[in-house]
Structure formats: structure tokens, C-alpha cells
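Every number in this text was worked out from the coordinates using simple rules, so none of it is lab data. Note that the structure is predicted; figures quoted are calculated from it, not measured. Note that we place each Cβ from the backbone using ideal geometry, even for glycine, and neighbour counts take in every protein chain shown.
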Amino acid sequence: MPKQTVLFVCVHNAGRSQIAAAYLDAMTDETVEVLSAGSAPASEINPMVVAAMAEEGIDLAAAQPKILETEAVKQSDIVITMGCGDACPIFPGKQYLDWAVDDPAQQSIEATRKIRDHIKARVQGLVTQLTANNG
């Protein structure tokens, strides 16, 4: 069974893409490689995101935002963007999805939980798709 690589991209790689990557990593096995990056990475993960994910038993305290590099897009089978506009390079043969998800930056913990739960539901749908593709 070939390994699939999924790349999550948002602007700062401090919230949405980190949440999505953490969930996909937790919900899949070694058949899926999970990457995340930002078009303009922040200096640290959003503390509200760290807190909201800790409630789910996922520790993002040590995670660091990463810059979006062309190589990461090239090696990915699926590229999921969340509000980074046209910053992501396009390569033939890749599946591109754009998820409309609110940015947790400057949001309360309650708002961040809603965003987290929205992303979790989207990732669960993606897991179903990946499982079907590998079936």
C-alpha cells in the first residue's frame, strides 16, 4: 500500500494547519505522512490552539511553525489550504482542497474550540477518503 502524503497550509502555520495536521496524525497510521506549513509563519503556535488541542489529549506545545517550501508541495499527494490565498504553488497531479475555516488568531478559547471541532470533522472526512483510496 503506497504511503500518501498530506500537506496542510495556512498563513502562519500557528493554528489551523497545526490543528489539522495533529488530528490527521492521530487518526491515521504509518500509511499517511502528515506535513504542515505556512506562507508567512508566526514565531510560535497560537497559545489558544495549544490549550484547545490539549483538551483533546494532543500536545502541540513543542510544535514550531514552518515556512511553506516548494519541495513539501512537490512530495505531497494532497494539499489542503486554509486561507493562504495563492501562496501555494500548483503542480500537476496533486489533489488540492481549500477548506474555508476561520482563523483562530486573536480568538477566545471558546471560538478556538469551535474552529478546532470544525477542523476535526473535516479531517475525519479526509480520513474516510484516504481509507477508501487505500482500500
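For the chain, the longest piece that avoids every one of the GluC sites (Glu not before Pro) found in DSSP loops with at most 13 other C-beta atoms within 10 Å covers 70-135. List the residues whose amide H sits under 5 Å from the amide H of Ala14, counting only those 5 or more places along or on another chain, with H placed 1.01 Å from N in the peptide plane. Amide H neighbours of Ala14, under 5 Å, 5+ apart: Ala42. Roughly speaking, what is the centre-to-centre gap between region 74-130 and region 6-49 when only Cα atoms are used, to the nearest Å? Going from one Cα centre to the other spans 9 Å.
Annotation: amide H-H contacts under 5 Å for Asp98 (H modelled 1.01 Å from N, sequence separation of 5 or more, or interchain): Thr81. Its DSSP H runs of at least 4 residues, each contributing -39,500 (n - 2.57), put the calculated 222 nm mean residue ellipticity of the chain at -12000 deg cm²/dmol, to the nearest 500.
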